[in-house]
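Laboratory data are not the source of any read-out in this text; all were calculated from the coordinates shown. As the structure is a computational prediction, the values presented were derived from the model and not from experiment.
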Amino acid sequence: MRGHEGMGIDLPEGYDEEEIDISTVECEGAPAIKGMMADDGRLIVKFDREDLVDVSTGNSVEMFVTGKLIDGTPFIGSDIIRVINEGK
């Protein structure tokens, strides 16, 4: 079974997370497979773990998320996260 990793997306003031076109969202080239609104208003987007295989491991890994709003407005964002390799 394939595992999923989730990432929260917050847009700048004046933009609404509900207007994100999930079909356009990618994280390091991995397409989003699902999106849902959290109680705090953030959009939580799920990615298939196997699609993130080329991401480097480390304590300070910068990952980029790109996508478009339903009106075609593009967005890009990044965050520094810790990526671990659990092994097989």
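Some notes on this structure:
- Intensity falloff of the chain expressed as log10 I(q)/I(0), Debye formula with alpha-carbon point scatterers, at q = 0.11, 0.24 Å⁻¹: -0.31, -1.29
- Max mean-square fluctuation residue, GNM over the chain, Cα-Cα springs under 10 Å, options Gly14, Gly67, Gly29: Gly14
- Shape call, the stretch 46-88: gyration tensor on alpha carbons, a/c limit 1.5: oblate
- Per residue, the average separation of C-alpha pairs within less than 8 Å and at least 6 apart gives the stretch 1-51 a relative contact order of 46 percent.
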